[in-house]
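Step one of this worksheet: look at the structure below.
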(Lines give C-alpha, C1' and ligand atoms only; values in the text may rest on other atoms or scores of the structure.)
Protein backbone atom coordinates (compact mmCIF):
# COMPACT_ATOMS: atom_id res chain seq x y z
CA UNK A 1 0.00 0.00 0.00
CA UNK A 2 1.38 3.38 -1.00
CA UNK A 3 2.05 6.09 1.54
CA UNK A 4 -0.28 9.07 1.42
CA UNK A 5 1.66 12.33 1.34
CA UNK A 6 0.28 15.46 2.97
CA UNK A 7 0.31 18.80 1.19
CA UNK A 8 -1.31 22.15 1.91
CA UNK A 9 -4.78 22.75 0.49
CA UNK A 10 -4.63 25.32 -2.27
CA UNK A 11 -7.81 27.27 -1.53
CA UNK A 12 -10.64 27.29 1.04
CA UNK A 13 -12.21 23.84 1.49
CA UNK A 14 -15.91 23.56 0.73
CA UNK A 15 -17.56 21.10 3.14
CA UNK A 16 -21.12 19.79 3.25
CA UNK A 17 -23.31 20.69 6.22
CA UNK A 18 -25.66 17.81 5.49
CA UNK A 19 -24.03 14.38 5.40
CA UNK A 20 -23.09 13.03 2.00
CA UNK A 21 -24.91 9.87 1.03
CA UNK A 22 -22.63 7.06 2.25
CA UNK A 23 -24.05 3.65 1.47
CA UNK A 24 -23.66 0.44 3.47
CA UNK A 25 -20.60 -1.65 2.66
CA UNK A 26 -20.71 -5.38 2.14
CA UNK A 27 -19.17 -6.51 -1.15
CA UNK A 28 -16.75 -3.71 -2.04
CA UNK A 29 -13.05 -4.48 -1.66
CA UNK A 30 -10.55 -1.81 -2.72
CA UNK A 31 -13.19 -0.21 -4.98
CA UNK A 32 -11.88 1.81 -7.88
CA UNK A 33 -14.24 3.15 -10.54
CA UNK A 34 -18.01 3.63 -10.58
CA UNK A 35 -19.99 3.70 -13.83
CA UNK A 36 -23.70 4.48 -14.20
CA UNK A 37 -25.98 1.99 -15.93
CA UNK A 38 -28.86 4.45 -16.26
CA UNK A 39 -31.36 2.23 -18.18
CA UNK A 40 -31.25 -0.31 -15.36
CA UNK A 41 -30.99 2.35 -12.61
CA UNK A 42 -27.87 0.90 -11.04
CA UNK A 43 -24.19 1.58 -10.46
CA UNK A 44 -21.37 -0.81 -11.29
CA UNK A 45 -18.12 -0.75 -9.32
CA UNK A 46 -14.74 -2.29 -10.17
CA UNK A 47 -12.63 -3.72 -7.33
CA UNK A 48 -8.85 -3.99 -7.18
CA UNK A 49 -8.71 -7.62 -6.06
CA UNK A 50 -7.29 -10.80 -7.58
CA UNK A 51 -10.67 -11.67 -9.09
CA UNK A 52 -11.73 -8.11 -9.96
CA UNK A 53 -15.40 -8.63 -9.11
CA UNK A 54 -17.99 -6.17 -10.46
CA UNK A 55 -20.43 -5.08 -7.75
CA UNK A 56 -23.80 -3.61 -8.68
CA UNK A 57 -25.60 -1.11 -6.44
CA UNK A 58 -29.31 -0.46 -6.87
CA UNK A 59 -31.18 2.80 -6.21
CA UNK A 60 -31.70 1.82 -2.56
CA UNK A 61 -27.98 1.23 -2.02
CA UNK A 62 -28.23 -2.57 -1.95
CA UNK A 63 -25.11 -4.34 -3.21
CA UNK A 64 -25.03 -7.59 -5.17
CA UNK A 65 -22.57 -9.13 -7.59
CA UNK A 66 -22.99 -8.32 -11.24
CA UNK A 67 -20.07 -10.60 -12.12
CA UNK A 68 -17.65 -12.42 -9.84
CA UNK A 69 -14.28 -13.12 -11.37
CA UNK A 70 -14.79 -10.45 -14.02
CA UNK A 71 -11.19 -9.23 -13.73
CA UNK A 72 -12.15 -5.52 -13.66
CA UNK A 73 -9.55 -3.95 -11.36
CA UNK A 74 -9.37 -0.35 -12.61
CA UNK A 75 -11.11 1.91 -15.15
CA UNK A 76 -14.51 1.06 -16.65
CA UNK A 77 -16.69 2.46 -19.44
CA UNK A 78 -20.22 1.68 -20.61
CA UNK A 79 -20.88 1.75 -24.36
CA UNK A 80 -24.45 0.86 -25.31
CA UNK A 81 -25.39 -2.38 -23.53
CA UNK A 82 -21.80 -3.38 -22.83
CA UNK A 83 -19.45 -2.56 -19.97
CA UNK A 84 -15.72 -2.49 -20.76
CA UNK A 85 -13.04 -2.71 -18.11
CA UNK A 86 -9.29 -2.67 -17.53
CA UNK A 87 -7.86 -5.97 -16.27
CA UNK A 88 -4.43 -7.26 -15.28
CA UNK A 89 -1.84 -8.26 -17.88
CA UNK A 90 -2.89 -5.43 -20.22
CA UNK A 91 -6.28 -6.98 -20.95
CA UNK A 92 -9.52 -5.24 -21.86
CA UNK A 93 -12.64 -7.32 -21.19
CA UNK A 94 -16.30 -6.57 -21.82
CA UNK A 95 -19.60 -8.04 -20.64
CA UNK A 96 -23.13 -7.56 -21.93
CA UNK A 97 -25.12 -5.67 -19.32
CA UNK A 98 -28.20 -7.87 -19.69
CA UNK A 99 -26.95 -11.35 -20.57
CA UNK A 100 -23.59 -10.96 -18.76
CA UNK A 101 -21.96 -12.70 -21.72
CA UNK A 102 -18.24 -12.10 -22.23
CA UNK A 103 -18.05 -10.18 -25.52
CA UNK A 104 -14.42 -9.01 -25.50
CA UNK A 105 -11.17 -10.41 -24.13
CA UNK A 106 -8.43 -8.40 -25.81
CA UNK A 107 -4.77 -8.07 -24.85
CA UNK A 108 -2.87 -4.89 -25.66
CA UNK A 109 0.52 -6.48 -26.21
CA UNK A 110 3.39 -5.45 -23.97
CA UNK A 111 5.04 -6.25 -20.65
CA UNK A 112 2.43 -6.92 -17.95
CA UNK A 113 4.21 -4.54 -15.56
CA UNK A 114 3.37 -1.71 -17.97
CA UNK A 115 -0.23 -1.82 -16.80
CA UNK A 116 -3.28 -0.18 -18.33
CA UNK A 117 -5.28 2.26 -16.23
CA UNK A 118 -8.26 4.33 -17.40
CA UNK A 119 -10.68 4.04 -20.29
CA UNK A 120 -13.13 6.25 -22.19
CA UNK A 121 -14.97 6.07 -25.52
CA UNK A 122 -16.13 8.16 -28.47
CA UNK A 123 -19.39 8.02 -30.45
CA UNK A 124 -17.70 6.31 -33.43
CA UNK A 125 -17.12 2.99 -31.69
CA UNK A 126 -13.62 3.42 -30.27
CA UNK A 127 -12.14 2.95 -26.83
CA UNK A 128 -9.23 5.05 -25.55
CA UNK A 129 -7.05 3.44 -22.88
CA UNK A 130 -4.21 5.00 -20.87
CA UNK A 131 -0.89 3.35 -20.02
CA UNK A 132 1.00 5.44 -17.42
CA UNK A 133 4.28 3.50 -17.48
CA UNK A 134 4.78 3.79 -21.25
CA UNK A 135 3.32 7.32 -21.57
CA UNK A 136 0.88 6.03 -24.18
CA UNK A 137 -2.80 6.30 -25.05
CA UNK A 138 -4.21 3.43 -27.12
CA UNK A 139 -7.18 3.55 -29.49
CA UNK A 140 -9.16 0.33 -29.88
CA UNK A 141 -11.86 -0.14 -32.51
CA UNK A 142 -14.68 -2.14 -30.91
CA UNK A 143 -16.01 -3.67 -34.14
CA UNK A 144 -12.88 -5.67 -35.01
CA UNK A 145 -10.85 -5.20 -31.80
CA UNK A 146 -7.88 -3.77 -33.67
CA UNK A 147 -5.78 -1.26 -31.73
CA UNK A 148 -2.88 1.15 -32.15
CA UNK A 149 -0.95 3.82 -30.24
CA UNK A 150 -3.06 6.96 -30.52
CA UNK A 151 -0.85 9.42 -28.59
CA UNK A 152 2.55 9.29 -26.93
CA UNK A 153 4.83 12.30 -27.40
CA UNK A 154 4.44 14.96 -24.71
CA UNK A 155 2.69 12.81 -22.10
CA UNK A 156 3.97 12.03 -18.60
CA UNK A 157 2.30 9.11 -16.81
CA UNK A 158 -1.17 9.56 -18.38
CA UNK A 159 -3.85 8.12 -16.11
CA UNK A 160 -7.38 9.54 -15.76
CA UNK A 161 -8.92 10.14 -19.16
CA UNK A 162 -12.10 11.80 -20.36
CA UNK A 163 -13.47 12.58 -23.82
CA UNK A 164 -14.90 16.02 -24.62
CA UNK A 165 -16.87 15.63 -27.83
CA UNK A 166 -17.74 19.29 -28.29
CA UNK A 167 -14.05 20.26 -28.23
CA UNK A 168 -12.93 17.22 -30.23
CA UNK A 169 -10.36 16.29 -27.64
CA UNK A 170 -9.41 13.99 -24.79
CA UNK A 171 -8.41 15.45 -21.43
CA UNK A 172 -5.83 13.41 -19.50
CA UNK A 173 -4.33 13.86 -16.04
CA UNK A 174 -0.80 12.65 -15.35
CA UNK A 175 -0.22 10.13 -12.56
CA UNK A 176 3.14 11.61 -11.60
CA UNK A 177 4.60 13.14 -8.43
CA UNK A 178 4.63 16.92 -8.13
CA UNK A 179 4.27 18.52 -10.58
CA UNK A 180 1.44 16.65 -12.25
CA UNK A 181 0.14 17.96 -15.57
CA UNK A 182 -3.24 17.96 -17.29
CA UNK A 183 -3.17 17.55 -21.07
CA UNK A 184 -5.49 17.90 -24.03
CA UNK A 185 -5.10 15.45 -26.92
CA UNK A 186 -6.68 16.42 -30.24
CA UNK A 187 -8.91 13.69 -31.66
CA UNK A 188 -8.14 15.00 -35.14
CA UNK A 189 -4.36 14.65 -35.15
CA UNK A 190 -3.29 13.26 -31.71
CA UNK A 191 -1.33 16.41 -30.87
CA UNK A 192 -0.74 16.74 -27.12
CA UNK A 193 -1.04 20.18 -25.53
CA UNK A 194 -0.54 20.99 -21.82
CA UNK A 195 -3.54 22.61 -20.09
CA UNK A 196 -2.23 23.02 -16.53
CA UNK A 197 0.66 22.10 -14.29
CA UNK A 198 -0.48 21.29 -10.75
CA UNK A 199 1.00 20.52 -7.34
CA UNK A 200 -0.99 17.27 -7.15
CA UNK A 201 0.94 14.20 -6.09
CA UNK A 202 0.07 11.33 -8.45
CA UNK A 203 -3.65 11.99 -9.11
CA UNK A 204 -5.75 9.26 -10.69
CA UNK A 205 -9.08 10.41 -12.14
CA UNK A 206 -10.65 13.46 -13.75
CA UNK A 207 -14.27 14.20 -14.70
CA UNK A 208 -16.25 17.27 -15.79
CA UNK A 209 -19.74 18.43 -14.81
CA UNK A 210 -22.36 20.00 -17.07
CA UNK A 211 -21.16 23.50 -16.16
CA UNK A 212 -17.64 22.73 -17.36
CA UNK A 213 -15.96 22.38 -13.97
CA UNK A 214 -13.43 19.59 -13.56
CA UNK A 215 -13.01 17.32 -10.52
CA UNK A 216 -9.83 15.41 -9.70
CA UNK A 217 -9.36 12.50 -7.32
CA UNK A 218 -6.48 10.25 -6.36
CA UNK A 219 -5.14 7.73 -3.89
CA UNK A 220 -2.45 10.16 -2.71
CA UNK A 221 -4.75 13.20 -2.54
CA UNK A 222 -6.48 14.36 0.63
CA UNK A 223 -9.54 15.75 -1.14
CA UNK A 224 -11.50 15.92 -4.34
CA UNK A 225 -10.23 19.03 -6.11
CA UNK A 226 -12.20 21.31 -8.42
CA UNK A 227 -10.75 23.21 -11.41
CA UNK A 228 -12.44 26.00 -13.37
CA UNK A 229 -13.53 25.36 -16.99
CA UNK A 230 -10.65 27.37 -18.49
CA UNK A 231 -7.89 25.94 -16.28
CA UNK A 232 -7.07 29.55 -15.45
CA UNK A 233 -7.19 29.38 -11.63
CA UNK A 234 -5.54 27.25 -8.99
CA UNK A 235 -7.38 24.01 -8.10
CA UNK A 236 -9.73 24.21 -5.12
CA UNK A 237 -9.82 21.63 -2.34
CA UNK A 238 -13.52 20.90 -2.76
CA UNK A 239 -14.36 17.84 -0.65
CA UNK A 240 -11.91 16.41 1.93
CA UNK A 241 -11.15 12.72 2.25
CA UNK A 242 -8.44 10.14 1.66
CA UNK A 243 -7.96 7.61 -1.14
CA UNK A 244 -10.89 8.73 -3.31
CA UNK A 245 -9.39 7.38 -6.50
CA UNK A 246 -11.78 8.08 -9.38
CA UNK A 247 -14.67 10.58 -9.29
CA UNK A 248 -17.66 9.91 -11.57
CA UNK A 249 -20.14 12.61 -12.57
CA UNK A 250 -23.87 11.81 -12.43
CA UNK A 251 -25.72 14.27 -14.66
CA UNK A 252 -29.09 12.96 -13.45
CA UNK A 253 -28.84 14.81 -10.14
CA UNK A 254 -25.65 16.85 -10.63
CA UNK A 255 -23.54 14.93 -8.16
CA UNK A 256 -20.19 13.18 -7.88
CA UNK A 257 -19.80 9.50 -7.11
CA UNK A 258 -16.53 8.53 -5.44
CA UNK A 259 -15.09 5.31 -4.05
CA UNK A 260 -13.07 5.06 -0.84
CA UNK A 261 -10.32 2.61 -1.75
CA UNK A 262 -8.94 2.11 1.76
CA UNK A 263 -12.25 1.77 3.61
CA UNK A 264 -14.21 -0.23 1.01
CA UNK A 265 -16.99 2.33 0.64
CA UNK A 266 -18.56 4.73 -1.80
CA UNK A 267 -20.19 8.12 -1.54
CA UNK A 268 -22.45 10.51 -3.45
CA UNK A 269 -21.50 14.21 -3.17
CA UNK A 270 -24.27 16.68 -4.15
CA UNK A 271 -23.00 19.59 -6.24
CA UNK A 272 -26.12 21.75 -6.69
CA UNK A 273 -29.01 22.54 -4.37
CA UNK A 274 -32.49 24.02 -4.65
CA UNK A 275 -33.17 27.03 -2.46
CA UNK A 276 -30.80 27.33 0.50
CA UNK A 277 -27.43 25.86 -0.37
CA UNK A 278 -26.41 22.67 1.39
CA UNK A 279 -22.81 23.80 1.19
CA UNK A 280 -21.29 25.46 4.22
CA UNK A 281 -20.90 29.10 3.26
CA UNK A 282 -17.23 30.02 2.85
CA UNK A 283 -15.98 32.87 4.97
CA UNK A 284 -15.16 35.04 1.94
CA UNK A 285 -18.78 35.39 0.76
CA UNK A 286 -22.41 34.41 1.24
CA UNK A 287 -24.73 33.79 -1.71
CA UNK A 288 -28.40 33.92 -0.74
CA UNK A 289 -31.19 32.00 -2.51
CA UNK A 290 -32.39 33.78 -5.65
CA UNK A 291 -35.91 35.28 -5.54
CA UNK A 292 -38.61 35.15 -6.66
CA UNK A 293 -38.44 31.53 -7.72
CA UNK A 294 -40.09 30.82 -10.16
CA UNK A 295 -39.78 34.28 -11.73
CA UNK A 296 -41.65 36.05 -14.54
CA UNK A 297 -40.17 39.48 -15.19
CA UNK A 298 -36.90 39.51 -13.25
CA UNK A 299 -34.94 37.65 -10.60
CA UNK A 300 -32.68 39.04 -7.87
CA UNK A 301 -29.47 37.54 -6.54
CA UNK A 302 -28.15 38.92 -3.25
CA UNK A 303 -24.71 38.24 -1.79
CA UNK A 304 -22.22 39.51 0.78
CA UNK A 305 -18.47 39.83 0.43
CA UNK A 306 -16.18 39.82 3.44
CA UNK A 307 -12.99 40.56 1.51
CA UNK A 308 -11.82 42.48 -1.54
CA UNK A 309 -12.01 39.78 -4.20
CA UNK A 310 -12.54 39.11 -7.88
CA UNK A 311 -16.26 38.32 -8.21
CA UNK A 312 -18.02 36.75 -11.16
CA UNK A 313 -21.71 35.94 -11.63
CA UNK A 314 -22.72 33.82 -14.64
CA UNK A 315 -26.07 32.53 -15.84
CA UNK A 316 -26.18 29.10 -17.47
CA UNK A 317 -29.07 27.42 -19.22
CA UNK A 318 -30.45 23.98 -18.34
CA UNK A 319 -27.78 22.24 -20.44
CA UNK A 320 -24.98 24.02 -18.58
CA UNK A 321 -24.14 26.41 -21.46
CA UNK A 322 -23.11 29.96 -20.54
CA UNK A 323 -26.01 32.31 -21.32
CA UNK A 324 -25.01 35.59 -19.68
CA UNK A 325 -22.35 37.13 -17.47
CA UNK A 326 -23.86 39.56 -14.97
CA UNK A 327 -20.71 40.54 -13.12
CA UNK A 328 -16.97 40.07 -13.56
CA UNK A 329 -14.88 42.54 -11.58
CA UNK A 330 -13.06 43.24 -8.34
CA UNK A 331 -15.47 44.12 -5.53
CA UNK A 332 -15.00 45.65 -2.09
CA UNK A 333 -16.47 44.05 1.07
CA UNK A 334 -20.19 44.73 1.45
CA UNK A 335 -23.73 43.67 0.55
CA UNK A 336 -24.80 43.56 -3.10
CA UNK A 337 -27.69 42.54 -5.30
CA UNK A 338 -28.06 41.90 -9.02
CA UNK A 339 -31.34 41.89 -10.93
CA UNK A 340 -31.54 39.87 -14.16
CA UNK A 341 -34.25 40.31 -16.78
CA UNK A 342 -33.64 36.97 -18.51
CA UNK A 343 -31.74 38.30 -21.52
CA UNK A 344 -28.35 37.05 -22.67
CA UNK A 345 -25.22 39.18 -22.79
CA UNK A 346 -25.94 39.84 -26.48
CA UNK A 347 -29.56 40.78 -25.82
CA UNK A 348 -31.17 37.49 -26.83
CA UNK A 349 -34.41 36.56 -25.10
CA UNK A 350 -34.38 33.07 -23.57
CA UNK A 351 -36.97 30.36 -23.63
CA UNK A 352 -38.81 29.54 -20.45
CA UNK A 353 -37.07 26.95 -18.33
CA UNK A 354 -34.48 26.34 -15.63
CA UNK A 355 -31.46 28.63 -15.28
CA UNK A 356 -28.42 28.33 -13.03
CA UNK A 357 -26.70 31.27 -11.31
CA UNK A 358 -23.03 30.48 -10.76
CA UNK A 359 -21.05 32.74 -8.43
CA UNK A 360 -17.26 32.50 -8.36
CA UNK A 361 -15.37 34.42 -5.65
CA UNK A 362 -11.66 33.92 -5.09
CA UNK A 363 -11.81 30.55 -6.81
CA UNK A 364 -14.73 29.27 -4.69
CA UNK A 365 -17.95 28.44 -6.55
CA UNK A 366 -21.59 28.29 -5.48
CA UNK A 367 -24.65 27.71 -7.65
CA UNK A 368 -28.33 28.51 -7.24
CA UNK A 369 -31.11 27.83 -9.73
CA UNK A 370 -34.46 29.38 -10.63
CA UNK A 371 -37.28 28.72 -13.10
CA UNK A 372 -38.23 31.29 -15.75
CA UNK A 373 -41.90 30.91 -16.63
CA UNK A 374 -42.42 33.89 -18.96
CA UNK A 375 -40.30 36.23 -21.07
CA UNK A 376 -39.48 39.56 -19.47
CA UNK A 377 -38.45 42.91 -20.93
CA UNK A 378 -36.66 44.85 -18.21
CA UNK A 379 -32.94 45.56 -18.34
CA UNK A 380 -30.28 44.25 -15.98
CA UNK A 381 -29.31 46.51 -13.11
CA UNK A 382 -26.42 46.32 -10.65
CA UNK A 383 -26.51 48.10 -7.33
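Computed quantities for the displayed model
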| item | result |
| --- | --- |
| Sole residue being surrounded by fewer than 19 Cβ atoms within 10 Å (Cβ to Cβ) and under 14 Å from residue 190 (Cα atoms), chosen from 153, 89 | 153 |
| Pick from segment 340-352, criterion surrounded by fewer than 17 Cβ atoms within 10 Å (Cβ to Cβ) and touching a strand residue (DSSP E or B) at 6+ places or on another chain (Cβ under 6 Å), ranking: modelled with the lowest pLDDT | 345 |
| Some residue of segment 131-141 being farther than 22 Å from residue 193 by Cβ and touching a residue at least 40 places away in the same chain (Cβ under 8 Å) | yes |
| Tally of residues being closer than 28 Å to residue 39 by Cβ and either buried (at least 18 other Cβ atoms within 10 Å of the Cβ) or in contact with a helix residue (DSSP H, G or I) (Cβ under 7 Å, 6 or more places away or on another chain) (or both) across segment 238-251 | 7 |
| Index of the failed condition, residue 221 passing every other in (1) at positive phi; (2) at pLDDT 90 or above | (1) |
| Complete set of residues in segment 207-234 that are farther than 21 Å from residue 163 by Cβ and in contact with a strand residue (DSSP E or B) (Cβ under 6 Å, 6 or more places away or on another chain) | 223 |
| Subset tally (residues that are in a loop (DSSP other than H, G, I, E, B) and more than 24 Å from residue 229 (Cβ to Cβ)) for segment 290-326 | 8 |
| Single residue of 221, 256 found to be more than 25 Å from residue 78 (Cα to Cα) and free of Cβ contacts under 8 Å to residues at least 60 places away in the same chain | 221 |
| Restricting segment 32-63 to residues that are assigned to a strand (DSSP E or B) and modelled with pLDDT under 95, the residue that is surrounded by the most Cβ atoms within 10 Å (Cβ to Cβ) | 57 |
| Selection status of residue 219, outside the structural domain of residue 294 (by TED's automatic domain parsing) and under 27 Å from residue 299 (Cβ atoms) | no |
| Residues located in segment 79-110, provided they are in contact with a helix residue (DSSP H, G or I) (Cβ under 9 Å, 6 or more places away or on another chain) and closer than 26 Å to residue 257 by Cα | 81, 97, 98 |
| Index of the failed condition, residue 365 passing every other in (1) at pLDDT below 85; (2) within 21 Å of residue 253 (Cβ to Cβ); (3) in contact with a strand residue (DSSP E or B) (Cβ under 6 Å, 6 or more places away or on another chain) | (3) |
| Selection from segment 325-338 of residues that are closer than 16 Å to residue 367 by Cα and in contact (Cβ under 8 Å) with a residue 24 or more places away in the chain | 326, 327, 337, 338 |
| Residue, nearest to the chain's Cα centre (by Cα), within segment 95-118, restricted to residues that are touching a residue at least 40 places away in the same chain (Cβ under 8 Å) and outside any loop (DSSP other than H, G, I, E, B) | 95 |
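The values are calculated or read from the model by the stated rules, or taken from the named source; none is laboratory data. If you're wondering where the values come from, they're calculated on a predicted model, not measured in any experiment. Methodologically, a virtual Cβ is constructed for each residue, glycine included, from the backbone with ideal geometry; neighbour enumeration extends over all protein chains shown.
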